[in-house]
Amino acid sequence: MQALIYGYGNPGRQDDGLGIALTQRLEAWVSENQLMGVEFDNNYQLNIEDADAIAQKDIVIFADASDEDIEDFCFSRVDASAKVSFTTHAASPGYIVQLCKELFQKEPLALLLHIKGYEWAFQEGLSERARENLEGALAQMKTLLTDLENITRLQEDLKKC
């Protein structure tokens, strides 16, 4: 089972850096615990080239900061979507999955981890409440990554949006 954890956002916009902070922390933890089959990537935004990266994986978990009305963090399933969304990020996770399906005939299990953020000013560093939400998301991700072979069963236990 091969997984990609892909964090995106802008660390120079306070809590918008939550996705990247998650991947950095998890990558260190995976290395310390010598877990196999997990790779990491991060960027300011998703790009169409990411369809190639996810085509090589069984599971992809996108992680991003959220200003949605959620408590702290949650997971949602990412389905292939031909709809191109023009937001602060160049492409949506669903569009990347759709490109992967069209170009490579692959559709990995894809999830989006939404981590609640609060502060979006032009400065580095996460707000205190966002750091607390990050810790909760990290704990759930560690449980998931420890038992990737049972991802289908574990999906039922994830905190859903």
Conditions (1) surrounded by fewer than 15 Cβ atoms within 10 Å (Cβ to Cβ); (2) touching a residue at least 40 places away in the same chain (Cβ under 8 Å); number of the one not met by residue 148
(1)
Taking the range 22-54 and keeping residues farther than 14 Å from residue 145 by Cα, among the hydrophobic types (A, V, I, L, M, F, W, C) and surrounded by fewer than 18 Cβ atoms within 10 Å (Cβ to Cβ) leaves 48, 53
How do the pairs read when you match residues in the range 42-55 that are of a type in the set (Phe, Trp, Tyr) with residues anywhere that are part of a strand (DSSP E or B), using Cβ under 9 Å and keeping only pairs 6 or more apart or on different chains?
44/8
Would a scan of the range 65-75 turn up a residue that is among the polar types (S, T, N, Q), closer than 26 Å to residue 149 by Cα, modelled with pLDDT of 95 or more and not in a loop (DSSP other than H, G, I, E, B)?
no
For residue 49, the lone unmet condition from (1) more than 11 Å from the chain's Cα centre (by Cα); (2) modelled with pLDDT of 95 or more is (2)
Collect the residues in the range 3-21 that are surrounded by fewer than 22 Cβ atoms within 10 Å (Cβ to Cβ) and assigned to a loop (DSSP other than H, G, I, E, B), keeping them in residue-number order.
10
Among the residues of the range 109-137, how many are outside any strand (DSSP E or B) and surrounded by 21 or more Cβ atoms within 10 Å (Cβ to Cβ)?
6
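The values are calculated or read from the model by the stated rules, or taken from the named source; none is laboratory data. Note that this is a predicted model, so its numbers are computed, not measured. For neighbour counting, all protein chains shown are included, and Cβ atoms are generated from backbone atoms with ideal geometry for every residue, glycine included.
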